[in-house]
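To start, the structure itself, in structure tokens.
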Ligand SMILES: NC(=O)c1ccc[n+]([C@@H]2O[C@H](COP(=O)([O-])OP(=O)(O)OC[C@H]3O[C@@H](n4cnc5c(N)ncnc54)[C@H](OP(=O)(O)O)[C@@H]3O)[C@@H](O)[C@H]2O)c1
């Protein structure tokens, strides 16, 4: 894949990275800045802004910041207005990275919790696309990179709303790519597997907050999330991928990052549902049969009609 933009060109291209206070967002913002892009990282407080600017300076690069809560339409409008002023015409690229996990059994997650998750992971991301697009279309070029998840293609029990939000983000990203291609705007989806960030810690807290009584699935999921977070690598591969997407003359529609996601996503797609259900029961500890149902077997098969 050929690349675009030498150093001088990159310095003139403003890239907005949302959720740049930590995890994937901060390493992405710092990597892009180190590679010469004009980076504006969005954060949720001035304190987090100061911290990001300080880390960038210590690494010998510069990141500018804007305060943004992607779940708040007014904040999105104001932040993109600031980006327009700071960049002299609007962002060349937006990396929609801000996200929350909202783990918990579907029967326990409230409307309010689900709505917040969708505001951040889905509506917020698409709202920023909408706000950034007029400038991109006017200039006849631009990039949108939406950070989804391998779990957007592997629906995961005890994290159902998260999977749903990423599945929907993926659908909208693929539609948007076709809708804006004629205007020179390139749209890509990045699907990371598991990487060690605060997100899995947050998912453990979600489980503690949503858990009611001794509901099945919670204990095993808690142990799973915590142990995955200890074992997986840091988020640098995702940052490298975003840098590749922005540098590519013709970026791919989709990038799946991490060995786990590159194996599990295609494997899940080609395995019958009854078998993936079994694996999910085994991994989450969610029982396949009622405790009172004796040996009755539930076979969640896929019927072909
Ligand atoms: N880590 C993984 O294993 C993994 C795997 C697949 C996909 N992802 C995706 O990668 C993205 C980044 O996740 P991460 O792992 O880096 O998580 P993280 O360390 O928890 O970072 C999440 C970022 O999103 C920000 N954020 C949360 N709510 C926000 C809101 N309402 N408005 C603006 N910003 C908000 C957070 O800001 P605060 O610091 O202010 O909370 C933080 O900067 C997410 O979209 C996530 O779904 C992560």
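A single entry from 224, 169, 189 fulfils the requirement of being over 29 Å from residue 14 (Cβ atoms) and within 16 Å of the ligand (Cβ to nearest atom): 224. Applying the set (1) within 24 Å of residue 235 (Cα to Cα); (2) within 13 Å of the ligand (Cβ to nearest atom); (3) touching a residue at least 12 places away in the same chain (Cβ under 8 Å) to residue 79 leaves exactly one unmet item: (1). For region 34-57, which residues satisfy the criterion of being away from the ligand (no atom under 16 Å from the Cβ) and either free of Cβ contacts under 8 Å to residues at least 40 places away in the same chain or under 19 Å from residue 85 (Cβ atoms) (or both)? Residues satisfying the conditions are 34, 36, 37, 38, 57.
Pairs meeting the criteria (first residue in region 247-260 and over 12 Å from residue 145 (Cβ atoms), second residue modelled with pLDDT under 95, beta carbons under 8 Å, at least 6 apart or on different chains) are 249/1; 249/2; 249/3; 249/4; 250/1; 250/2. Being within 12 Å of the ligand (Cβ to nearest atom), surrounded by fewer than 21 Cβ atoms within 10 Å (Cβ to Cβ) and closer than 19 Å to residue 195 by Cα holds for only one residue in 149, 163, and it is 163.
Flag: residue 245 does not match the condition of being part of a helix (DSSP H, G or I), within 12 Å of the ligand (Cβ to nearest atom) and under 24 Å from residue 121 (Cα atoms). Of all the criteria given as (1) surrounded by fewer than 23 Cβ atoms within 10 Å (Cβ to Cβ); (2) at negative phi; (3) in contact with a helix residue (DSSP H, G or I) (Cβ under 9 Å, 6 or more places away or on another chain), the one not satisfied by residue 184 is (2).
Selection of region 125-162 for residues being within 16 Å of the chain's Cα centre (by Cα) and assigned to a helix (DSSP H, G or I) yields 125, 126, 127, 128, 129, 150, 151, 152, 160, 161, 162.
Just give me the residues in region 102-114 being farther than 14 Å from residue 166 by Cα and in a helix (DSSP H, G or I), in sequence order.
111, 112, 113 - these are the residues of region 102-114 that are farther than 14 Å from residue 166 by Cα and in a helix (DSSP H, G or I).
The values are calculated or read from the model by the stated rules, or taken from the named source; none is laboratory data. This one's a predicted model, so the numbers in the text were calculated from it and none came from an experiment. Don't worry about glycine lacking a Cβ; one is built from the backbone with ideal geometry, like all the others, and counts go over all protein chains shown.
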